[in-house]
Amino acid sequence: DMAFLDATNGDLILSSSGIGNTESLTYRATEEKTVIVRVQDYHNNKGDYSLQLERLPPFVCPEGEATQEALDLTTPFTATDLALCRDAPRVYLITLQPYERLVSLASFNRADLTLAMAVLSEDGSQTHDEIIYRNGQGSITYQPWQEETIQLKVWGFVNTEGEIDLQVYKEGQVACVA
């Protein structure tokens with residue numbers, strides 16, 4: 001089992017425990033901090049282990065990147081390492097035909113990012129659906145009854161920021177036969 005502890009007061013920052021052979025933790029400090037890495041055996045087991053630590057540079061939001069764009073989705077939209085920056089949500093305008101289903105899938109591996117996604121009316125005044133994910137991956141879907149242009153909004157919830165991989169696509173109309 002592994003944990004990150006605050007060196008100042010010993011408080012637990014993040015931990016990982018399980019019965020598998022690998023534990024992994026990712027933590028991004030928002031200010032300068034000394035962190036203790038604690039590794040301990042499980043249930044009095046003994047043995048060797050290897051530890052790999054990697055210190056990554058601070059996340060920096062790119063300048064001049066568009067935060068709103070129209071997607072026609074004739075082919076799926078895919079973005080890797082898409083930056084989600086404070087106070088700058090990503091907004092995609094998408095037109096859907098009746099019964100077409102919009103699907104948005106996001107994955108991320110930053111422990112400090114809380115991902116939010118929402119489907120809004122074209123002018124942003126009405127929320128059709130909103131979902132918040134705190135780890136790993138998330139998805140949101142929407143299916144209109146009539147032709148509709150919507151906003152797909154993706155952002156770091158409560159001022160968190162980081163990078164995600166995002167896929168947005170449409171699934172065809174479903175026909176019902178009586």
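Using a 1.4 angstrom probe, figure out how much accessible area the chain has per residue, in square angstrom, rounded to the nearest whole.
Accessible area per residue: 67 Å².
Quote the charge dipole size of segment 56-122 about the Cα centre in Debye, to the nearest 20; the model charges only the Cβ of Lys and Arg (+1) and of Asp and Glu (-1).
Dipole about the Cα centre, nearest 20: 220 debye.
Under a point-charge model restricted to the Cβ atoms of Lys and Arg (+1) and Asp and Glu (-1), what is the dipole moment magnitude of the chain relative to its Cα centre, in debye to the nearest 20?
420 debye
For segment 28-178, what % of the accessible area comes from carbon and sulfur atoms, probe 1.4 Å?
On the way: 4570 of 10180 Å².
Roughly 45 percent of what the probe reaches on segment 28-178 is carbon or sulfur.
How much FRET efficiency would the formula 1/(1 + (r/R0)^6) give for ALA79 and THR127, where r is the Cβ-Cβ distance and R0 is 25 Å, rounded to 0.05?
Given R0 = 25 Å and the Cβ-Cβ separation, E is 0.60.
List the chymotrypsin sites (Phe, Trp or Tyr not before Pro) in segment 102-178 that DSSP assigns to loop (not H, G, I, E or B) and whose Cβ has at most 13 other Cβ atoms within 10 Å. Which are they?
TRP145
Excluding same-chain residues fewer than 8 positions from LYS33, which aspartates and glutamates have a Cα within less than 17 Å of its Cα?
The reachable aspartates and glutamates, counting only those whose Cα sits under 17 Å from LYS33, are ASP6, ASP11, GLU54, ASP112.
The values are calculated or read from the model by the stated rules, or taken from the named source; none is laboratory data. Bear in mind that the values here come from a model prediction, so they are computed numbers and not experimental data. With ideal geometry, Cβ positions are generated from the backbone for all residues, glycine too; neighbour counts draw on all protein chains shown. Quick note on the areas: whole protein, heavy atoms, side chains included, nothing else; ligands and nucleic acids left out. Shrake-Rupley method; radii C 1.70, N 1.55, O 1.52, S 1.80 Å.
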